[in-house]
Structures are given as structure tokens and as C-alpha cells.
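Working notes for the structure below.
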Amino acid sequence: MGQGTDIRCVGAILHYLPVETRMPLKFGMETLTSVTCARVRVTVEGRDGRTATGWGETPLSVTWVWPGSLAYEERHQAMKAFCEVLAGAWSGFDGEGHPLEIGHDFVEGQLPGLLESFNLARAGEAMPWLAALVCCSLFDIAVHDAYGNLHDRSIYELYGSEYLNRDLAAYLKPAEDVPVSFRGRYPDEFLSPPSATLPAWHLVGGLDPVGSDELTGEEPEDGYPVELSEWIARDGLNCLKIKLRGNEAEWDYARTVKVGGLALETGVRCLSADFNCTVTDPAYVNDILDRLAVDHPSLHEMLLYVEQPFPYELEENRIDVHSVSSRKPLFLDESAHDWRLVRLGRELGWNGVALKTCKTQTGALLSCCWARAHGMSLMVQDLTNPMLAQIPHVLLAAHVGTIMGVETNAMQFYPEASTIEAKVHPGLYRRRNGELDLASISGNGFGYRVDEIGRELPDPVVSC
């Protein structure tokens, strides 16, 4: 039981890595053309005085985490400023224990107050909780990595009772309608033997050309595919996630039919539909699903699940969605900030959860345990993760037992961002035969092999 293996955080060095997209990526009502990846190196100290460092990285995806009326750059700069606040808070945090315990205690005990103080000191629109979680995630990920490095083990070998001081009952409460207990249970019970390869989901964005009739002549000529059939042919894709609008039913239906038709022609086996969090009435989704079932039964059968049609704020929008989930598996994504919201989602009729490391490794593991204990299906969804951010992302998918592989789309929108990492991890940044190959991930922590990658980082913005 832990204790002798416990750690505490003693330092953090924060870098920003700017990335430009080769193709625009539409999120909600906005379009992404660049992103800042925040990368941190955290130092931890064990009870015996030994120290180790770990790395964490997350794209600060402003348009996804903070849809709002403020100008993009104002939100972008606010998120960077909050990361800098968090660097000091994590390096000075007196919590001690396993990374899961430290991460939980920080997110539950420190992050709300830090966010409140940050928002009070700013004028205008408050930064939402999801944005704060994303800013926090790189530090949490780095602590998990450092713990594995300190103990010379893969972090996924360290989620059992031998290393943790608290069982899952210290964090999780089961639903009242099922005989589930978390007493004496630990995360390793809910993890699966890792897969060496993973089916890869390709994102068909709302602006992505599907057919030559959608080409504008302004597409990049950089050697990478542009039109969807080119991607399918080059990468051997079998899984397509279709981004829809959620407020224009005829467009959404026609887009699904068009992408699905191409999928049938090219041998793609699975589809999913992402309605963009803009739907407010389940009938909107049901009508599209029912039309597909009647007019295009093959496409309806290929549709594996539906992702987050309804607004982010689940507590404020308690929509009964049983009618949707009775038709197709319905997955929480933006709403699934933590296990409590997963529990509420289940009450409302959701039957699946899309996990993301950008909401913290700690939170993703706890949500995984709660969901699997209650028979909910899992996916791991992308935040267009390049560089180091890709590695914890795919490892999570490899260990939690998803409904089908992992979403991975950084190679679509900024493939050159990861060319340095791809020399060490060639199977993670290029999809082949419709899959990612995780064989290169090895060693302690998350198995980044950072020293072999040898990326030169810009000067740190914070060192504490």
C-alpha cells in the first residue's frame, strides 16, 4: 500500500510550442488554423529523497474548450496565462502520494479556487471549467510520467493496490440502482491488456472535401492527401468520424449519406456521427437516424455510435436522451468532465463515455473505472494531439478497452508538427492499414523516449 513509493511535486518548467494547421479545422461555430501546445517537465521527489522528471503536453484547443463571445486571441492568451499560474501551483503543491491521489487532490482541492481567483482578476467572460481542466492536464500527465520514471516501470504497471494508498471508494460513488461497490478495488482491475495496434478513426471535418466537387483550388500542395478518398486509399482507413452541424438537419443528413456512400465504395467498415454539441431536442437526432434506417440501411448499420449531440453543460441541460441511446450507443464527450457527470449522464440515458487525456490522466482513469463498473461503453477521442501529446492519448485507448480503437487526426491537420517524434515512433504519426502501431512505446513512465527524440524546445516561459 503506497507510502514508501509516494512522491510530491518539487518543480515545473513550462514551454509553448506553436503549431499551424495545413487545413482549417472547424470546431462549433469557429475554425481552427493554429494551436499552442503547452509542454511541461515536472520534477518529483520520493520519500527516500530521489528525484525524477516527467513530461506532459496538451494542445490548448481554445475553440473546443471555450466557445464564447470573446475574441479568439483573448481566450488563447488567458489559457496560456492560466497555465503559468498552474506551473507555480503544481511545483509548490504539498500533496503527497501516488499520481492518481495527487492529481485528484489538486483538481478537487486546488483547481477550483485557482480558477475562481484567476477569473475574478480578469475583466469579461470567465474561463470555463473545461478550459481549466485542459490547462491542468499537462501537469497531471507529467506527474504520472515522472512516477513511472522514478520507479523504473511503465506507469500502467503502477495502478494497483501495491502502489496506491486509497482504493477507488475514496473517489467514486456508484449509482443507486446497481449493486456496485468500489471498496477494495483499484484502477488496474478495470484496465485491459494493452493492444499493440489500434484501429484509427479519421475525422471528416465540416470543411474537409468529400469528393472532387468540394475542392476549392486553395488546398495545400504539400504531398499529403486532401480529399477524403485520397486519405482512405493512402492510410487504408476503416473508421470515419463525421463532424455535423447539429442545427441544420438537411445538411447533416446529406453529409452523412455522402460520406457513408464513399465509405461503402471504398470498403470502410465503421462510421460515427458527431453532432457538435448544438442539438437541444433528441428528435433532431432520432429523425436523422430513422431516415437512415429506412433509406440507407447499410449506412445505418455501419454507424457504430453517436457522439455528444447536446450542449456541454449537462447539469444545466438535463435532457432525457433515452430515445437516442435506444437507437444507437450515445457517448458523452465534452460533458464528461469527471465521473460525477458520467453518473448524471447515465441517469439521463447516455450509455457511453468518450475519454480524453486532456481532461487529466487522473480524471480519465477514474471515469473509466466508474463507467466500466456500470456497463458503459468507452471510446478515446482526440484533441488533434501531435508530438508528445499523442503518446498518453493512444496508451489510454490501448488500456481501457474501447468500442473500437482510437480517434487520431493530428496527421490530417498538422502532420509536420510531429516529424521529429515520428523518427522514433513511426507507427504513431502515420496510419497504415487503418491502424496505429504502438510497438515503439517502451521504457518507463509513458515510454516517450524523449532523450532519443531530441526535440529542441523554445525557451521556457516559467521555471519554478
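What follows is calculated from the coordinates using simple rules that are stated; it is not laboratory data. For clarity, every value in this text was computed on a predicted model and none was experimentally measured. Here Cβ is always computed from backbone atoms with ideal geometry, including for glycine, and neighbour counts include all displayed protein chains.
Cross-linked pairs K243/K359; K173/K328; K258/K423; K173/K359; K258/K359: Cα-Cα separations exceed 30 Å for K258/K423; K258/K359. The rule of thumb for compact globular proteins, 2.2 N^0.38 Å, goes into the C-alpha radius of gyration of the chain 0.93 times.
For segment 347-417 versus segment 1-61, the spacing of their alpha-carbon centroids is 16 Å.
Average 1/r across all pairs of distinct alpha carbons in segment 187-442, invert it, and you get the Kirkwood radius: 18.6 Å. Taking the DSSP beta bridges with both ends in the chain, the antiparallel portion is around 55 percent. Only the Cβ atoms of Lys and Arg (+1) and of Asp and Glu (-1) were treated as charged; on that basis the dipole of the chain about its Cα centre amounts to roughly 780 debye.
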